[in-house]
Amino acid sequence: MVTKVLLATPAHEVRDHLGHIFAESDGFELAAAVSDGAGVLTALDRQPDIEIVVVDEAADDGHGHAVARSVGLATPLTGIVMVVDAHGPAEMSRAMGAAMEVGARSVIARNAGLEEVLTRLEAVASWSAMARASIAAERNGGRSGQVVAIAGAKGGVGTSVLSLLLARAGRTNDTLLVDLDLGAGDLTAYTGVRTRRSVVDLAAVEGEVTGRMLRETTYEVPGGLRLLPAPAEGERAEAMTPAAVRSIVSALRFESGLAVIDVGAHLDEPRATALEFADRVLLVTTPDLPSLRAARRSLAQWDRLAVRRPATVELVLNRRTPRDEVTPALVERIVERPIAFTVPDGGTAFAGAVNTATLLETPTPVHTAVAEVGVAAIQPQAAAAREGTPDGPTEVESLVAGTGRRAGRRPGRRKGADPEAGQATAELPVVILMVLMVVLLCVQGIGWASGLLAARAAAQEGARTVGVLGYYDALGQPRDDVVDQVRDDVREQLPGPYRAAVGDSDIEVSPQEVSVRVTVSTILPGVDLSASSSAAVYREG
């Protein structure tokens, strides 16, 4: 994740110097630059995701420490760094003491280099992240939930289905599924529930969304999930605002262990806010060129609008089959992003589950693949939950473990008593023999191809001799001396292993062409292969 930084300085040289440093950094972004304390507080109100404020001690006519103190009182979880005019260890030490008295976490000199600035900012960013996580965990009863947003490159790529199955693979009774495709959301159809309330009902209480409001607006669906649906009337989507979405995302993070948001395939301000504030963003595409071009356009648009950098978006290739003409390598080359997860095509069984609204009850290979996506998508929170939970494996673990469990294996079998171990031992010699046969056949094929090339070169040399000397004499009779010369030239052209085995009967000479047949030995005793080639005669001279 990129850390947003706010700079408060009246000096253009400081602004230009730090601006160049932030431009060269991949981990920090200069969100805004202001010149006084009032501008700092205004910028923090407009951009609450700013994590570090860099304050020049010369701000507000030399009252930069007062500005830092006001920022610390207004946003105590924001890291503050002072820009000081100090040289040498003694002056820097005194400046650090003065900065700490007003709540700053570190200081940097005006002429500090890139490495020093980034080192100081990384330390402050780590402190701010840990402080925010600690407060969030305390408000959430010891847990800090994760928000995963899933977007589609275009309509029809399976965004809603993958959102539903990813939520299914989350922690039972601790997962919220949000349908933020406000104009065309259909998660209610996939889950088979009827709703009267929707996510739009929370827009009227933006800034005050509580756990009780979420519980009253969500619906229980099979599998221990709770669904916050989209409105049944698409025109109600206009009531949703970016501020309301930001408040809902914050509440989801505090009130659930995992929140999965289906943002659909179109971008507006509310959905852009969800993509910006989500912890993870998955972009779903299918192995076809229109979808891949749409995915590339989406990433470029998010980058232009400062919604999400492409490097922070994970690409999911959905409905993958071995018959696809568009390979994963081509997908990565077109979208210019690596494929994070691949989900296979579900086939008829999956289509039947979709049509009967039984996706949550009917296991298919798609469920297994999405469960594996879920393991990666909810890390590291899921790993911590597994280590501290004595109640056994989660549904994600069960689904993933089920892919490697064979029908004859029973739970609780003693370690080392796998009945398939002997079968694997018995099959090993067969596999080795098959591999050896394939290698020998390849070697034999190379030998035959070498004989064919030698026969072709020899036939061309013989045809050249006939073309130069001529096949008939002045009376129109075949010239025996020419035929003998052709046979000599052919044998001379052949490599040593083939030359001795080629007799006069293997070299056919005529006015139109010369044919040569060579014998190729095989790995089987007494069995030989022949390779023949002909070359046309063209009269020369």
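The values are calculated or read from the model by the stated rules, or taken from the named source; none is laboratory data. Only a predicted model underlies this, so the values are computations on that prediction, with no experimental measurement involved. Virtual Cβ from ideal backbone geometry, glycine too; neighbours counted across all protein chains shown. Areas reflect the complete protein model, heavy atoms only, side chains present, ligands, DNA and RNA absent. Shrake-Rupley method; radii C 1.70, N 1.55, O 1.52, S 1.80 Å.
Ranking His65, Gly347, Tyr219 by how far each Cα lies toward the positive end of the dipole of the chain (charges on Cβ) leaves Tyr219 at the top. Taken over the stretch 435-541, the percentage of Cα pairs per 10 Å bin, counting from 0 up to the bin with the maximum distance, is 16, 42, 24, 12, 5, 1, 0.
Computed over the Cα atoms of the stretch 215-360, what is the convex hull's projected area averaged over all directions, in nm²? Present the calculation step by step, with values, prior to reporting the outcome.
Values: hull surface 41.4 nm².
Answer in nm², one decimal: 10.3.
Taking other residues whose beta carbon is less than 9 angstrom from the beta carbon of Val148, and scoring Lys, Arg as +1 and Asp, Glu as -1, yields 0. Here is the list for the stretch 190-280: trypsin sites (Lys or Arg not before Pro) lying in DSSP coil, each with at most 12 other C-beta atoms within 10 angstrom of its C-beta, are Arg194, Arg196. In the full protein context, the chain carries 51 Å² of accessible surface per residue, based on a 1.4 Å probe and ignoring ligands, DNA and RNA. Report the residues of the stretch 478-519 in range of a label on Asp528: point 7 Å along Cα→C-beta, backbone N strictly under 16 Å from it. 491, 494-508, 516-519, by backbone N distance to the label point.
Restricting the stretch 441-541 to GluC sites (Glu not before Pro) that sit in a DSSP loop and have at most 14 other Cβ atoms within 10 Å of their own Cβ leaves Glu540.
Length gained on full extension, Thr321 to Glu336, computed as 0.36 nm times the residue gap minus the Cα-Cα distance: 3.3 nm. Using a simple spin-label model with pseudo-atoms 7 Å out from Cα toward Cβ, His63 and Glu220 lie 5.8 nm apart.
Taking N as the number of residues in the chain, what value does Rg over Cα atoms divided by 2.2 N^0.38 Å take? All intermediate terms of the calculation are to be shown ahead of the outcome.
On the way: Rg = 36.6 Å, N = 541, 2.2 N^0.38 = 24.0 Å.
Normalised by 2.2 N^0.38 Å, the Cα Rg of the chain equals 1.52.
The residue list His12, Ala329, Leu228 was ranked by how far each Cα lies along the charge dipole of the chain toward its positive end, using unit charges on Cβ atoms, and Leu228 comes out on top. Once the Cα atoms are used to define both axes, helix 64-74 deviates from the longest principal axis of the chain by about 90 degrees. Given a 1.4 Å probe and the protein chains as shown, Thr195 ends up with an accessible area of around 50 Å².
Relative to the Cα centre, the charge distribution of the chain, modelled as +1 at Lys and Arg Cβ and -1 at Asp and Glu Cβ, gives a dipole magnitude of about 1740 debye. Modelled spin-label separation between Asp186 and Ala300, with each label point placed 7 Å from Cα along the Cα-to-Cβ direction: 2.9 nm.
Placing unit charges on each Cβ (+1 for Lys and Arg, -1 for Asp and Glu) gives the chain a dipole about its Cα centre, and among Trp127, Leu299, Val193 the Cα reaching farthest toward its positive end belongs to Val193. Among the trypsin sites (Lys or Arg not before Pro) within the stretch 474-521, those in coil by DSSP and having at most 16 neighbouring Cβ atoms inside 10 Å are Arg479.
For the stretch 183-235, the alpha-carbon coordinates run over 30, 29, 13 Å along the three principal axes, in decreasing order.
Once the Cα atoms of helix 365-377 and of the chain are each reduced to a long axis, what angle between those two axes, in degrees from 0 to 90 to the nearest 10, is obtained? Taking Cα atoms only, the helix is inclined about 50 degrees. In plain terms, the chain from Met437 to Ala500 could stretch by 19.7 nm, reckoned as 0.36 nm per residue minus the Cα-Cα distance.
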